[in-house]
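A short write-up of the structure that comes next.
Coordinate-derived values only; no laboratory data. Note that the coordinates shown come from a computational prediction; the quantities given were computed from them, not determined experimentally.
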Amino acid sequence: MGNRSEKGTVGQHPGRTPRAVQVAAREASAIHRALVRAGVTPADAEDLLQAAVLAAWQGFCVQGDITLPEDDREAGKVMRAFLAVVAFRARGK
């Protein structure tokens, strides 16, 4: 794994969890609850959420295509929306 200094944060902060992953972890339970309320089994909700978090990690951390606002509350809103869209779209497949 190389350092991708022109995009993303892979390799730039060894031993430090990227902010996007921290925000995704904080918002994951809300998306899990929404999926279960929508009729998804808890086990399937976990799988869908895992796929959404992986997509978030790829988009925010690896590719650097997506950025989060500096404000933690706003970052949470952006991440929650991102995770929800990805998880619910995956549910429809």
*asked:* With θ taken as phi - 60° and the coefficients 6.51, -1.76 and 1.60, list the Karplus ³J(HN,Hα) couplings across segment 49-57 in order, rounded to whole Hz; mark glycine and proline as x.
replied: 5, 4, 5, 5, 5, 4, 5, 5, 4
*Which whole number of Å³ per residue matches the convex hull of the alpha-carbon atoms in segment 15-75?*
93 Å³
